[in-house]
1. Pairs needed: first member in segment 166-180, touching a residue at least 12 places away in the same chain (Cβ under 8 Å); second member anywhere, exposed (fewer than 14 other Cβ atoms within 10 Å of the Cβ); C-beta distance under 7 Å; at least 6 residues apart or different chains.
2. Under 8 Å between Cβ atoms, which residue pairs at least 6 apart in sequence (or on different chains) link something in segment 15-36 that is free of Cβ contacts under 8 Å to residues at least 24 places away in the same chain with a partner that is surrounded by 15 or more Cβ atoms within 10 Å (Cβ to Cβ) and not in a helix (DSSP H, G or I)?
3. Pairs only if they're at least six apart or on different chains, beta carbon under 7 angstrom, first in segment 1-14 and closer than 19 Å to Thr275 by Cβ, second among the aromatic types (Phe, Trp, Tyr) and surrounded by fewer than 17 Cβ atoms within 10 Å (Cβ to Cβ); list them, first residue then second.
4. Where residues in segment 103-138 are among the polar types (S, T, N, Q) and either outside any helix (DSSP H, G or I) or touching a Phe, Trp or Tyr at 6+ places or on another chain (Cβ under 8 Å) (or both), which of them is modelled with the lowest pLDDT?
5. I'd like to check which helices (runs of 4 or more DSSP H) are fully inside segment 164-231 and have at least 1 residues that are within 23 Å of Trp72 (Cβ to Cβ).
6. Hey, could you check segment 196-213 for residues that are surrounded by fewer than 23 Cβ atoms within 10 Å (Cβ to Cβ) and touching a Phe, Trp or Tyr at 6+ places or on another chain (Cβ under 8 Å) and say which is nearest to Val239 (Cα to Cα)?
7. Quick one: which of Thr248, Thr275, Thr235 is at pLDDT 95 or above and of a type in the set (Ser, Thr, Tyr)?
Amino acid sequence: MPLDWWLCAFNVVMAILWAPLVATHPAARLLLGSHLLAATLPMLLGWAPPPRARFLHLLYDGYPLAWVAAFWMELDLHTRLVNTLRDDQALLSLDRAVFGVHLNQTWLATMQAGALSELMYLLYLSYYLLLVGVPVFLLFRGTEAQLREGVLRIVLAYLGCILVHAWWPTIGPAVLPVQFPAPLGARWFFRLSHWIADSGDSLGTAFPSTHVAGAVTFAWIAWRFWSRHVALAVTLLAVGIMGAAVYTQNHFAVDSLAGALLGLALQGLVVPLFTKRAPAEEAATVIEEAGS
């Protein structure tokens, strides 16, 4: 599967990322060796017999999602071992060059209504429902073809973001002084969002926004496989998440824009290269299904 080889290549890339830190950080040696070992996974899968049980089929088709989660958590450790000051200054300059101001600051300063704040934090939190709900639905309710294509789309979107995060780690608006009005900080969705960020966010993942790239991907999947009403609802959530990522001070506006553009480019231009099958392969699939 192309996805297996992508993960192989990505493990090699992550091993190269850790190589300069091997001399000074013991964890880097462990992670470098782990990535080189993991890069052999496609060969091991090629030697293994085809899975027969449905559970093994789901495990085989869904395991790349676990790799993405592992890569994501690993970024936090790497960012804490390197100096991101120069990268953060470059991101600040890029955001101001594109928009003239830091929209995250001006938006919060001019629109501080409690209801708007809670709506924005609720939209930002809705990303986690998509993050869990879409893969779970594909795993247990989707067809095998939908599952494979859905996993392909999700993994490609996140690997694209993580590749940038790994080589250009940036902190985002946290490098600037952020002052939330006291009434906003007392509200429920505000506190829940910050609790989740403090508990599970990875440092160095500001540009591009994985929230936005992921939301765009989930909307694309919805249009591919589900009803128009569901797809429209997910698309509206994706648009809301794009704005909420900026208002909630989790991302600069340029992070959000880059996440949207990257998500659209990967889904519209790259994924079709791997999902289009040759006519002979299509015919063979039809014959095989008819025979079964």
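The values are calculated or read from the model by the stated rules, or taken from the named source; none is laboratory data. Source: prediction; values computed, not measured. Neighbour counts run over all protein chains shown; Cβ positions are idealised from the backbone, glycine included.
1. From segment 166-180, the pairs are Pro169/Val82.
2. From segment 15-36, the pairs are Arg29/Val22; Leu32/Val22.
3. Between residues of segment 1-14 that are closer than 19 Å to Thr275 by Cβ and residues that are among the aromatic types (Phe, Trp, Tyr) and surrounded by fewer than 17 Cβ atoms within 10 Å (Cβ to Cβ), the close pairs are Pro2/Phe274.
4. Gln112
5. Ranges flagged: 188-200, 210-225.
6. Within segment 196-213, the match that is nearest to Val239 (Cα to Cα) is Ile196.
7. Of Thr248, Thr275, Thr235, the one residue that is at pLDDT 95 or above and of a type in the set (Ser, Thr, Tyr) is Thr235.
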